[in-house]
Amino acid sequence: MKTRFGLAMAAALMLGGSATAQTLPDYMAPISGKANAAPGDVATRDVLALNTTMFDLYGDAAKVFQKNILDKHPVILGLFSGAGGRLILYRPGQPPLDAPQVPIVYQLLKSVGHSTMALAEVVGPYVDNPDNKSWRGAMLAFRSRMQSALDSLDATPMQADWRDNNRTILKNNIAFMDECLANGAIPFAKLEAFGKQQAPFLARNVAWAAQTQVTHWMGVLADWKAQLGPDWEKTYAASNTIYVARQNNVIFSVLAQFFGPDAINTRLLLIETVSFTTTPADMLESLTRIIADRSVGALFFGNYHLMDYELMGGDARAAIIAETGKRGMTPFLPPLVPFGSKQWPTLVTPGPGPATIADLK
């Protein structure tokens, strides 16, 4: 195994040290040579290395910061999952506590609903294209799964009226698939009619799934708040979201009912991630960084929440206004909000137009 000394010696030889090329043995020829670096390049590298080093130092410090936070504060992580979410409670001096999962009927409702929407994915690329039959194999396989789900629906843990609604959805799915397969084509008019037919049944599944999820997590959080007692007031909580799920995020909205408006963006955080699911370790790392950066902002600038914002954002805003003025443009910017704003971390400006599925009727 190469040692650090060996690597350093090889690097020195490549850059040219006290030895000259004439004194090197033949076996060094492939890797030796004199490299020249302009003084400005070296200086730039030396300064840029400070930024790289900062991240290395921060990573080491963050491990200590995280331990200190968890030693003093309860922390709740709300993680997205296909099972209706995962809530974990971290308490000082105790092992993490995983909450019980949302009742399985939540997943059943979503699965049937998603099966219908998946049909649009199967047929979408082939609408009004009767010469292309490449969709048939995928649809035949999916129809088999759909039939199996319909045949076993009565054995699922679901109340009778919900089961009837899902039976209708599955039967409509199968009828649409059979029609497409029989005709060997997917006219847009048929797909559009299918979408309108299924919409009211899908809307019921969405409502029932939401009720199941919210009722479950409200019960869990009520129990945890009672367990923590006065420590609730120093509890941090964070939930993750991707772009499409940030508005009316279910887990964050439920957490907000127990933390209250003053905790939003202070002890209750909505953290955007790049995929639906993330790990507790990544969430804790992100939460740690947010809390630690606040202390840094207070140390250097005297404001605890300054680092919750893009540090250069204020000056960049002034620069944008100046630059757009030079170009004869009108600047388009959001209103200034104070550091430490308690505003919901999602869209809050009301306006015309539908805002719920019920509004679409």
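Annotations
- Residue within the stretch 329-342 that is loosely packed, with under 10 Cβ neighbours inside 10 Å, of a type in the set (Ser, Thr, Tyr) and in contact with a helix residue (DSSP H, G or I) (Cβ under 8 Å, 6 or more places away or on another chain) present: yes
- Filter pass, Thr288 being touching a His at 6+ places or on another chain (Cβ under 8 Å), of a type outside the set (Asp, Glu) and over 30 Å from Ala209 (Cβ atoms): no
- Assessment of the stretch 93-108 against the conditions (under 29 Å from Thr212 (Cβ atoms) and among the acidic types (Asp, Glu)) yields at least one matching residue.
- Only one of the numbered conditions (1) charged (D, E, K, R); (2) at pLDDT 95 or above; (3) within 28 Å of the chain's Cα centre (by Cα) is not met by Asp308, and that is (2).
- Selected residue (criterion: farthest from Leu77 (Cα to Cα)) from residues of the stretch 249-285 that are of a type in the set (S, T, N, Q) and under 14 Å from the mean Cα position of the chain (by Cα): Ser275
- Residue count for the stretch 28-58 satisfying the condition of being surrounded by 11 or more Cβ atoms within 10 Å (Cβ to Cβ) and either modelled with pLDDT under 80 or aromatic (Phe, Trp, Tyr) (or both): 5.
- Sole exception among (1) surrounded by 10 or more Cβ atoms within 10 Å (Cβ to Cβ); (2) modelled with pLDDT of 70 or more; (3) over 30 Å from Arg289 (Cβ atoms) for Pro25, by number: (1)
- In a residue-by-residue description of the stretch 60-76, the property of being exposed (fewer than 15 other Cβ atoms within 10 Å of the Cβ) and touching a residue at least 60 places away in the same chain (Cβ under 8 Å) applies to at least one position.
- Residues located in the stretch 290-313, provided they are part of a helix (DSSP H, G or I) and either touching a Pro at 6+ places or on another chain (Cβ under 6 Å) or among the hydrophobic types (A, V, I, L, M, F, W, C) (or both): Ile290, Ile291, Ala292, Val296, Ala298, Leu299, Phe300, Phe301, Leu306, Met307
- The set of residues in the stretch 218-245 that are part of a helix (DSSP H, G or I), under 19 Å from the mean Cα position of the chain (by Cα) and surrounded by 12 or more Cβ atoms within 10 Å (Cβ to Cβ) contains only Ala245.
- Selection count where residues are under 24 Å from Thr356 (Cβ atoms) and in contact with a helix residue (DSSP H, G or I) (Cβ under 9 Å, 6 or more places away or on another chain), scope the stretch 211-257: 18
- Selected residue (criterion: nearest to Leu87 (Cα to Cα)) from residues of the stretch 271-289 that are hydrophobic (A, V, I, L, M, F, W, C) and touching a strand residue (DSSP E or B) at 6+ places or on another chain (Cβ under 6 Å): Met283
- For the stretch 82-114, the set of residues classified as part of a strand (DSSP E or B) and surrounded by fewer than 17 Cβ atoms within 10 Å (Cβ to Cβ) consists of Ile88, Leu97, Asp98, listed by residue number.
- Residue in the stretch 134-153 that is in a loop (DSSP other than H, G, I, E, B), touching a Leu at 6+ places or on another chain (Cβ under 9 Å) and buried (at least 17 other Cβ atoms within 10 Å of the Cβ) present: no
- Every test in (1) exposed (fewer than 13 other Cβ atoms within 10 Å of the Cβ); (2) part of a loop (DSSP other than H, G, I, E, B) is passed by Ala322 save one, and that test is (2).
- Failed condition for Asn248, given (1) assigned to a loop (DSSP other than H, G, I, E, B); (2) within 21 Å of Leu108 (Cα to Cα): (2)
- Checking the stated criteria, Ala292 turns out to be among the small types (Gly, Ala, Ser), under 25 Å from Leu89 (Cα atoms), at pLDDT below 95 and out of contact with any strand residue (DSSP E or B) (no Cβ under 9 Å at 6 or more places or on another chain).
The values are calculated or read from the model by the stated rules, or taken from the named source; none is laboratory data. For clarity, every value in this text was computed on a predicted model and none was experimentally measured. In this analysis, Cβ positions are derived from the backbone assuming ideal geometry, glycine residues included, and neighbour counts consider all displayed protein chains.
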